[in-house]
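Trainee: Take a look at this one; I'll ask things after.
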Amino acid sequence: AQSVAQPEDQVNVAEGNPLTVKCTYSVSGNPYLFWYVQYPNRGLQFLLKYITGDNLVKGSYGFEAEFNKSQTSFHLKKPSALVSDSALYFCAVRDRASNTDKLIFGTGTRLQVFP
Amino acid sequence: NAGVTQTPKFQVLKTGQSMTLQCAQDMNHNSMYWYRQDPGMGLRLIYYSASEGTTDKGEVPNGYNVSRLNKREFSLRLESAAPSQTSVYFCASSERGSGANVLTFGAGSRLTVL
């Protein structure tokens with residue numbers, strides 16, 4: 001069975017500092033991995049995805065994520081956090097062998113960036 | 001460009017009442033999904049429709065039914081609402097095919113069951 005773990009309920013960081021939001025996954029085969037962001041009272045918005053190739057994936061708003069197969073991780077990173085990055089972040093996985101796009105989501109990590 | 005539209009945005013029900021959440025997408029996507037979001041539990045898949053004319057159960061289908069009315073519309077019905085179904089419901093859609101297709105989400109429907 002597929003699963004995603006986001007071990008931190010909340011991450012606090014000062015504006016201008018680098019941020020990391022952690023994600024580990026479990027799938028039977030090779031994964032497609034995604035990060036989505038949710039602002040208050042809004043739906044989820046796509047940030048970035050890993051399909052294959054380069055382990056460092058760049059996405060929207062200056063975010064990037066590093067795929068690490070040996071550690072089964074896909075941590076979200078940004079070199080310099082902004083107050084406007086404060087939101088709820090979800091990691092999601094899809095098994096490549098699946099013939100649908102249905103995703104399994106983690107429980108979410110709330111990012112709080114302080115001025 | 002509307003994307004994915006959900007109605008209603010808010011609804012309060014009494015236990016035992018029924019209701020239908022509506023979802024429509026204008027992106028000509030083949031696949032549609034219903035998720036529920038609960039604090040500390042992330043998003044859980046209720047039902048999905050890989051293509052017009054097909055529906056399948058997700059992780060938490062009990063107490064729900066769905067209808068894929070046509071390619072654009074995918075509705076979620078609660079026949080006899082229970083307080084455990086208090087949640088925020090999200091509809092999403094994606095193109096179907098090879099590759100890692102991105103899900104596009106609606107703004108959500110907040111349901112309270114008293």
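Quick note: the coordinates plus some simple rules give every number you see, no bench work behind them. These figures come from a predicted structure and were not determined experimentally. Reconstructed Cβ throughout: ideal geometry from the backbone, glycine too, with neighbour counts over all protein chains shown.
Trainee: Hey, which lysines would be in cross-link range of residue A:22, C-alpha to C-alpha under 30 Å, not counting anything within fewer than 8 residues on its own chain?
Mentor: Straight-distance partners of residue A:22: A:49, A:58, A:69, A:77, A:78, A:102, B:57.
Trainee: While we're on this one: Take every DSSP beta bridge whose two residues both sit in chain A, then give the antiparallel share in percent to the nearest 5.
Mentor: 85 percent
Trainee: Can you give the percent of C-alpha pairs in region B:51-114 whose distance is more than 18 Å?
Mentor: Of all Cα-Cα distances in region B:51-114, 46 percent exceed 18 Å.
Trainee: Ok, one more. What are the extents of the Cα atoms of chain A along their three principal axes, in Å, largest first?
Mentor: In descending order, the Cα extents are 44, 30, 22 Å.
Trainee: Work out the FRET efficiency for residue B:52 and residue A:83 from their Cβ-Cβ distance, taking R0 = 35 Å, and round it to the nearest 0.05.
Mentor: FRET efficiency, residue B:52 to residue A:83: 0.20.
Trainee: Please give the per residue volume of the convex hull enclosing the alpha carbon atoms of chain B, rounded to a whole number of Å³.
Mentor: Given the Cα convex hull of chain B, per-residue volume reads 97 Å³.
Trainee: Based on the Cβ-Cβ distance from residue A:60 to residue A:17, what FRET efficiency comes out when R0 is 25 Å, to the nearest 0.05?
Mentor: 0.80
Trainee: For region B:49-90, what relative contact order do you get, as a whole percent, if you take Cα pairs closer than 8 Å and at least 6 residues apart?
Mentor: 30 percent
Trainee: Shifting gears a bit: Report the rotationally averaged projected area of the protein assembly as shown based on its alpha-carbon convex hull, in square nanometres.
Mentor: The Cα convex hull of the protein assembly as shown, projected and averaged over all directions, gives 12.4 nm².
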